[in-house]
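These notes concern the structure reproduced below.
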Amino acid sequence: MKDSDYATKPVFVKNFMDGFKAALKNGPHAFITDFSKCDFTKMYMHFLAIREKKKEMTSEEKKRIKAQKDIDEEPYTWATIDGRREKVGNFRVEPPGLFRGRGEHPKMGKIKRRVVPEDITINIGKDAKVPEPPAGHSWKAVIHNDTATWLAGWNDVINVKDWKYVQFGATSTVKAESDQKKYEKARSLHKYIEKIRKDYKRNMMSESKEMAQLAVATYLVDKLALRAGGEKDEDLADTVGVCTLRAGHIKFMDDNVIEFDFLGKDSIQYLQQHKIDEVAYKCLQRFVQGKGPDVDIFDHVDPQKVNAHLQTLMPGLTIKVFRTYNASITLDRLLKDTKKNDTTLQKKATYDAANKEVAILCNHQKGVSKAHDAQMEKLAEKKKDLAKQVAEMKKKTDDKNQKKKLAALKERQSKLAIQMNMKEELKTVSLGTSKINYLDPRITLSWCKRHEVPPNVVFTKALIDKFHWAMDCEMEFSFVQEDAVEVKPAE
DNA sequence: CCGCCGGACTCAGAAATATCGGC
DNA sequence: AGCCGATATTTCTGAGTCCGGCG
């Protein structure tokens, strides 16, 4: 934290000092009340030294310690469900520390106390042996809820109403089945999408304010893959989704273009301009008329109402399904441009480009790494150097391998150019999130089969494990089912 | 009915850690 | 061939969505 700018934020400092003072109260250090007079350098140096020591270990030592750790943890990484022994996900409780919310979080800096066995509820089979709590401690409760999939849970110590759970890992049957169901539902949305679009286009012109707002909200969800946006408590960061968009979050530009500028999940900025449907544009103008920037645009609807309406059109349909649908069908469409005779590397580039388009659609971002500019500069140096080498090689007409060497240099040049281009283009775009959560793995795996690309070119080992249920999909798998008529994206 | 809220699960980027690849 | 910085992958935990039960 000392390396971050948290200490310059008044909210962080206040929350931290409140907790710190409470901890020091009645002790010999109760006189400490002023953050600006505190110097934590000694602690900082202490932890830095520990890190240094770790670094200095030989690789053998490191390996040995890791192996021992794996052995020690092994018993906690498995659980049996319906007679199957399956991998557990997060089996460790969260250690104490300072809470760091995302964005301008009102609780940043609060001290996160240690979670003790007395906080933990164990959920286990009636006849199973209950794990022993640490010596001298007891569990808060032991329950036998066979309708929930969590193994243990506790109330979060910062947002006390929230629960934290120990769950099965991504490779487990429960997770795999639910993942599969998610993609099947998104896939079936395709069969209803024309009906849904007709429905909202008609309803946008409804006299009923609720109906019109329902329609425009659904349109934005369909076209832009926005999140639902539920009401949030005051003690959380101020972020929005479709239903909580406020008048100040949109700007009306010429030619039915709207600029969206708001903070979404994790306080990630959504800043995009889109040309939208003319009727929807006019509706939005009507909805914000006479409203100040802080007033809700959709004051007559909420996610429950939108979802309830969606379910009159397709069973089980909710707002988030559109995100999955949109992401997957976009990948499906873009991968069709893969060239048969390309090298694996080129095919991978096509895949990454499609993945990138999905990431932009879903607004999946990442912070620019601290070293980015320096790294780019280094690559630019390399580029200059290569250019010089090429120029020199051109002069060496006496070298009988001149042609060959020149070709090799040119090859390096073009590779470097691609690398630099990619690095710059992806400096704020995060590809992983959509790969893990939004893209039907069968699209990717059937593409791998058709184009003879090994799955590990596009999926990490963990993803290959997670998507084991999709591995044997057919080569001809299509996210859009064969019997479906051709449908264009929302306009 | 409908709105509210607790509960359970999915999804999110940052940080930590492991592996890679160029000199 | 081995070191070191860059890149890839995994871990962590915070932040959403949505359902169902209750008043």
Which listed residue, of A:W139, A:W163, A:W154, is more than 30 Å from A:H105 (Cα to Cα) and either within 16 Å of DNA strand B (Cβ to nearest atom) or loosely packed, with under 15 Cβ neighbours inside 10 Å (or both): A:W139
One residue from A:K347, A:K404 being surrounded by fewer than 15 Cβ atoms within 10 Å (Cβ to Cβ), away from DNA strand B (no atom under 16 Å from the Cβ), part of a helix (DSSP H, G or I) and not assigned by TED's automatic domain parsing to the domain that holds A:D179: A:K404
Positions within the range A:58-77 being within 14 Å of DNA strand C (Cβ to nearest atom), of a type outside the set (S, T, N, Q) and surrounded by 12 or more Cβ atoms within 10 Å (Cβ to Cβ), in sequence order: A:K62, A:Y76
For A:Y200: the one exception among (1) away from DNA strand B (no atom under 13 Å from the Cβ); (2) surrounded by fewer than 15 Cβ atoms within 10 Å (Cβ to Cβ): (2)
Spans of helices (runs of 4 or more DSSP H) in the range A:10-93 with at least 1 residues at pLDDT below 90, over 30 Å from A:K126 (Cα atoms) and not assigned by TED's automatic domain parsing to the domain that holds A:R114: A:41-56, A:59-73
Pairs with Cβ under 6 Å, 6+ apart, first in the range A:190-218 and within 24 Å of A:V288 (Cβ to Cβ), second polar (S, T, N, Q): A:Y200/A:T218; A:M211/A:N203; A:A212/A:S206; A:A215/A:N203
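To keep it simple, each residue is scored yes or no on (1) more than 16 Å from DNA strand C (Cβ to nearest atom); (2) out of contact with any Ser or Thr (no Cβ under 8 Å at 6 or more places or on another chain).
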position: A:Q272; (1), (2): yes, yes
position: A:Q289; (1), (2): yes, yes
position: A:T312; (1), (2): no, yes
position: A:N326; (1), (2): no, yes
position: A:K339; (1), (2): yes, no
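Matching residues to (1) touching a residue at least 12 places away in the same chain (Cβ under 8 Å); (2) under 33 Å from the mean Cα position of the chain (by Cα):
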{"site": "A:F12", "(1), (2)": "yes, yes"}
{"site": "A:F16", "(1), (2)": "yes, yes"}
{"site": "A:K25", "(1), (2)": "no, no"}
{"site": "A:K42", "(1), (2)": "no, no"}
{"site": "A:H46", "(1), (2)": "no, no"}
{"site": "A:I50", "(1), (2)": "no, yes"}
{"site": "A:E60", "(1), (2)": "no, no"}
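The values are calculated or read from the model by the stated rules, or taken from the named source; none is laboratory data. Keep in mind that this is a model prediction, so the values were computed, not measured. Every residue, glycine as well, gets a Cβ built from its backbone with ideal geometry; the counts of neighbours run over all protein chains shown.
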